[in-house]
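The values are calculated or read from the model by the stated rules, or taken from the named source; none is laboratory data. In this text, all values refer to a predicted model and were calculated from it rather than measured experimentally. No Cβ is skipped: glycine too gets one built from the backbone with ideal geometry, and neighbour counts run over all protein chains shown. Note: accessible area is taken over every heavy atom of the protein model, side chains too, but ligands, DNA and RNA are not part of it. Shrake-Rupley method; radii C 1.70, N 1.55, O 1.52, S 1.80 Å.
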Amino acid sequence: MNNTQNYISSHKEQFLNELLDLLRIPSISADPAYAKDVEKTAHLIAEQFTTLGLDKVEVCATKGHPIVYGEKIIDPALPTVLVYGHYDVQPADPIDLWTDPPFEPVIKKTEIHPDGAIFARGACDDKGQMFMHVKAVEAMMRSGELPCNVKFMIEGEEEVGSDNLEEFALNNVERLKADIILVSDTGMLANDVPSVTTGLRGLSYVEVEVTGPNRDLHSGLYGGCVANPINILTKMIASLHDENNRITIPGFYDKVIELSNEERAEMAKAPFSHDAYCKALDIEDTYGEKGYSTMERGSIRPTLDVNGIWGGYIGEGAKTVIASKAYAKISMRLVPDQNPNEITKLFMDHFTSIAPKGTKVKVTPHHGGEAAVTPIDSIAYKAASIAYEETFGVKPIPVRSGGSIPIVAMFEKVLGLKTILMGFGLDSDAIHSPNEHYGLFNFYRGIETIPYFYKHFTELSK
Ligand code: BES
Ligand code: MN
Ligand code: MN
């Protein structure tokens, strides 16, 4: 792979500039106002594919945002790697908290990224990580070292639940035939502690609305006499955790797979500093389910969190009012074998049942998805492990992550394919937050590592 690595080291500036162009387009999938930009991003990626020399390049229309496809089949007898990634990004708000505009990327040094990091929405999640694959394949193709077949499927709706991806997969089972799905949309422990993500949590996401009286009321005339929806909603939410921070929804833990003591001991070997963790977040202590470590709480245990809550008067000054309605958005992160639909149903039944007389509750489910675990005795894991060792000089640690990529379980069901998660981001890269960034080290090291995965996956598949 010497030619490939030489190509990479002599094209770093070009790779970076192309990524910056991609980051300049605000491809926010959640906001219809940006639909044109999302579309433009899809076409820019398709253009990249064509320039690269991929075949059958297509911007595939869906009921929502398009999926970009391209492939290079060098020999049908060789293995095929299917790369998945997403070109859509989260909204940038709260925009005031960005030091630089979110869609005008700048490179700045940080304590963790002394070589510099690219600050922009999508820099890490997932344009920067997805683009590493395009450039890694470019390097292998240009240097005549692509060892196997490759297919790309880059979607534009990951951040809004991948609503149209299952139908696309179902309609394209033949086209998407492959031996492994390769994804860089997760993280690693640290720049000198590479890791391979071996699990993702599932997700159930609901929106709740509590209605009290049929109109807003004077809080003096009616205060104390009717159920105040905001008081009630907060009380109901508070009751969803017990004193040990366990979730109180009946049946919630029924299907949770508990890890064995051996597995937990194995997990505990991953480096983790409680002090550094607290210091980075400016908190005195961590908080969570009794009996589990922070690492465990954030990966192998299910959770319930309010993501947003609103109602009543939030303008300047004081307005004495009892609002008619109160709202909250609630996410539940799930672990194997919790089923998102079942959990949503359990939530609905429970939440409705605890609403006092004089209130009405409406629960609206949003997108969700199943958890996934990936094996560490597979050819793909071994190939990834060797690849990291080649470029980092150390073996990666297998780590289960707390985030969700619902399509991993879906692809396994629909396409019968396993996924290998080679993420190069860091938890501190502020994905979904203001000042999201991605280390230049991570970007380049990713591009360098990926070709070794192709090489070893092909060799181990023989
Ligand atoms: N790339 C993230 C998921 C992720 C990040 C997994 C870091 C592991 C480590 C993905 O884009 C994402 O944000 N997923 C959403 C779920 C989706 C259904 C909106 C999430 O986890 O909140
Ligand atoms: Mn992502
Ligand atoms: Mn995301």
* Counting every Cα pair in the chain, what percent are over 37 Å apart? -> 29 percent
* Structure fact -> The FRET efficiency for Asp377 and Ala35, from their Cβ-Cβ distance with R0 = 56 Å and rounded to 0.05, is 0.80
* Quick one: if you stick a label point 7 Å off each Cα along the C-beta vector at Lys319 and Phe441, how many nm between them? -> 5.0 nm
* To do: Holding the Cα-Cα limit at 24 Å, pick out from Lys36/Lys418; Lys269/Lys462; Lys63/Lys255; Lys63/Lys345; Lys36/Lys127; Lys12/Lys177 the pairs that are longer than that.
  => Lys36/Lys418; Lys269/Lys462; Lys63/Lys255; Lys63/Lys345; Lys12/Lys177
* **Carbon + sulfur, % of accessible area of the chain - ligands and nucleic acids excluded, 1.4 Å** => 51 percent
* Structure fact -> Here the gain from full extension of Ile283 to Tyr253, 0.36 nm per residue of separation minus their alpha-carbon distance, amounts to 7.9 nm
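By DSSP, what percent of the beta bridges with both residues in the chain are antiparallel, rounded to the nearest 5? The partial results should precede the final answer.
Values: 48 of 68 bridges.
Antiparallel bridges make up about 70 percent of those DSSP assigns within the chain.
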* Asked: Counting only the backbone N, which residues of segment 36-72 are under 17 Å from the spot 7 Å out from the Cα of Asn171 toward its beta-carbon?
  -> 57-70
* Structure fact -> Residue-normalised value, i.e. accessible area per residue, for segment 296-446 at 1.4 Å probe, in Å², stands at 44 Å²
* Asked: At a Förster distance of 35 Å, what's the computed FRET efficiency of Val306 paired with Thr50, Cβ-Cβ distance as r, to 0.05?
  -> 0.20
* To do: Considering Cα pairs under 8 angstrom that are at least six residues apart, work out the relative contact order of the chain and quote it in whole percent.
  => 25 percent
* Asked: How much accessible area does Ile257 have with a 1.4 Å probe, in Å² rounded to the nearest 10?
  -> 80 Å²
* Lys63-Arg264 pseudo-label distance in nm [points 7 Å out on the Cα-to-Cβ vector] -> 4.3 nm
* Structure fact -> With every protein chain kept in place and a 1.4 Å probe, the residues His218, His437 fall, from largest accessible area down, as His218, His437
* Structure fact -> Relative contact order of segment 374-454 (C-alpha contacts under 8 Å, at least 6 apart) in percent is 40 percent
* To do: Can you spot the lysines whose alpha carbon is less than 18 Å from Lys235's alpha carbon? Ignore those fewer than 8 places along the same chain.
  => Lys325, Lys329, Lys357, Lys360, Lys362
* Given +1 on the Cβ of Lys and Arg, -1 on the Cβ of Asp and Glu, and no further charges, what dipole in debye does segment 12-69 carry about its Cα centre, rounded to the nearest 20? -> 120 debye
* Structure fact -> Full extension between Ile112 and Glu207 adds, at 0.36 nm per residue less the Cα distance, a length in nm of 30.5 nm
* Structure fact -> With the 8 Å Cα cutoff and a minimum separation of six or more residues, segment 297-449 has a relative contact order in percent of 19 percent
